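The values are calculated or read from the model by the stated rules, or taken from the named source; none is laboratory data. Quantities reported herein were computed from a predicted structural model and do not represent experimental measurements. In this analysis, Cβ positions are derived from the backbone assuming ideal geometry, glycine residues included, and neighbour counts consider all displayed protein chains. In case anyone asks, the SASA skips ligands and DNA or RNA and just uses the protein heavy atoms, side chains included. Shrake-Rupley method; radii C 1.70, N 1.55, O 1.52, S 1.80 Å.
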Amino acid sequence: MSKTSLQYQLSQKGGHFAIVSIPRPTPGPNEICIRMKAVALNPVDWKNRAMGITIQSWPTVLGHDGAGVVDSVGDSVKDFKVGDEVFALCGTDKGEGDRAAAFQEIAMVPSHYAAKKPAFLTFEEASSLGVCYLTAACAITVGLHIPLPYIDPTGGSSVKSILVLGGSSTVGGAAIQLLRLALPSATILATSSTKHHAHLISLGSDSKRAGFDAILDAVTAAASQPDIFSAFNPTGPKTYSQVVTGVNVEVPQGVDSTLIYAPQIFGEKGGMNAMPGLTDLLQSGKFKLPVKVEVVGKGFDAIEHGLDKLMKGVSGANF
Ligand SMILES: NC(=O)c1ccc[n+]([C@@H]2O[C@H](COP(=O)([O-])OP(=O)(O)OC[C@H]3O[C@@H](n4cnc5c(N)ncnc54)[C@H](OP(=O)(O)O)[C@@H]3O)[C@@H](O)[C@H]2O)c1
């Protein structure tokens, strides 16, 4: 067994990537090591390459989404074993030497950041799910105070109508599906380009306008459309859940606003059920890929080309 592992390191802000050999990681008691088979590219990856928005020190390793095969498990890990096919939220728990980032041969993550991959999903498809699903789940539970039944079966909500801004983004498409699970009879409307309307209705959104109790903003659309807050139902709870994108929104007084960052979900009641719950939702057909997956290439160098493409903007696709 090799004593080393490869990392795709970025030298500096706006710099170049280099493949660097590091000692093979050894998991802590509650961690697993995943030998990566596929990674997904997120908007935060190109923002970090170009602007270093969340980077503390350089060189660094990027990547928040990955899928692969369990390579080793910590002594206290019960839910995974070597050889399991999994996908995970990566990179948010930086740790020593960027060991949790996705863009490397073996990534080491807390075991509750990972989920078993259903056999019917490819590694590429599975790699696209962690960030968008957890961000959507967090935006609903933490931001809108709407419990998801499989995470916290004891909770309830009086929300009757929700507007999802950016419904055709990966986060928005995940949010529509989870909202439909949580509130089967609520009105869920979503904004997107007209070409995506039929797909969003197939995920569970409605097509008629209403006064909204809650707004989930997946793409910081309210920054350029501040009048969107007039869409609130004047007598409703007026909750606004804003996925952190690096852009600020002027939120009017009287609106209950929360900034959302995916790993917050793990600190919530039942949050440790979030990733195992996703495997069950996928297996039962209750959660589908929010957008189609486009494979941009193979090997570390495909990451750089994919980030160039992502920076120019995508519509209805995940890399
Ligand atoms: N805080 C976190 O934990 C976290 C996690 C994940 C993502 N994010 C951030 O959340 C944002 C979305 O990420 P993503 O991966 O879901 O993005 P994505 O899939 O790349 O979203 C692209 C889509 O957003 C839609 N869009 C963009 N601006 C819009 C607007 N003003 N109104 C309506 N739709 C708009 C476009 O839809 P049409 O094609 O229909 O026009 C486009 O297809 C990014 O800024 C990302 O950095 C944050």
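Taking the accessible area of the chain, probe 1.4 Å, and keeping the other protein chains in place, the carbon and sulfur fraction comes to 53%. Largest mean-square fluctuation among 29, 59, 147, in a Gaussian network model of the chain whose springs join Cα atoms under 10 Å apart, belongs to 29.
For the listed peptides 178-190, 122-134, 157-169, a ranking on the average number of other beta carbons within 10 Å per residue, highest first, reads 122-134, 157-169, 178-190. Across the options 260, 271, 284, the greatest Cα extent toward the positive end of the charge dipole of the range 194-301 (unit charges at beta carbon of Lys, Arg, Asp, Glu) belongs to 284. Its Cα centre serving as origin, the range 178-306 has a Cβ charge dipole (Lys and Arg +1, Asp and Glu -1) of approximately 460 debye. The alpha carbon gyration tensor of the range 240-317 gives principal lengths a ≥ b ≥ c with a/c of 1.5 or higher and a/b no greater than b/c, which makes the shape oblate. With Cα atoms as the point set, the range 69-193 shows a radius of gyration and Dmax of 16.6, 49 Å. Once the C-beta distance of residue 185 and residue 269 is scaled by a Förster radius of 30 Å, the resulting FRET efficiency is 0.80 to the nearest 0.05. Here the chain is treated with +1 on each Lys and Arg Cβ and -1 on each Asp and Glu Cβ, and its dipole about the Cα centre works out to around 440 debye. Measuring how big the range 100-153 is from its alpha-carbon positions, Rg and Dmax come out at 13.5, 38 Å. Mean sequence separation of contacting Cα pairs (under 8 Å, at least six apart), scaled by the length of the chain, corresponds to a relative contact order of 17 percent.
Taking every protein chain into account, the accessible area of the range 133-264 amounts to 42 square angstrom per residue (probe 1.4 Å). Here the gap between residue 225 and residue 247, fully extended at 0.36 nm per residue and compared with their Cα-Cα distance, gives a gain of 6.6 nm. Of all DSSP bridge pairs formed entirely within the chain, close to 60 percent run antiparallel.
Relative contact order, percent, of the range 220-300 when contacts are C-alpha pairs under 8 Å separated by at least 6 residues? It comes to 21 percent, rounded to a whole number.
Rounded to the nearest 0.05, the FRET efficiency derived from the C-beta distance between residue 255 and residue 305 at R0 = 45 Å is 0.65. Averaging 1/r across all pairs of distinct Cα atoms in the range 133-264 and inverting the result yields a Kirkwood radius of 14.3 Å. At full extension, residue 317 and residue 19 could sit 104.5 nm farther apart than now, given 0.36 nm per residue minus the alpha carbon distance.
Scaled to the globular estimate 2.2 N^0.38 Å, the Cα spread of the chain, given as radius of gyration, is 0.98. For the residues 275, 108, 51, a GNM of the chain with alpha-carbon springs under 10 Å puts the largest fluctuation on 51. Rounded to the nearest 20 debye, the dipole size of the range 1-118 about its Cα centre is 200 debye, using +1 on the Cβ of Lys and Arg and -1 on the Cβ of Asp and Glu.
Contact order for the range 133-264, expressed relative to its length and based on alpha carbon pairs under 8 Å spaced 6+ residues apart, stands at 29 percent.
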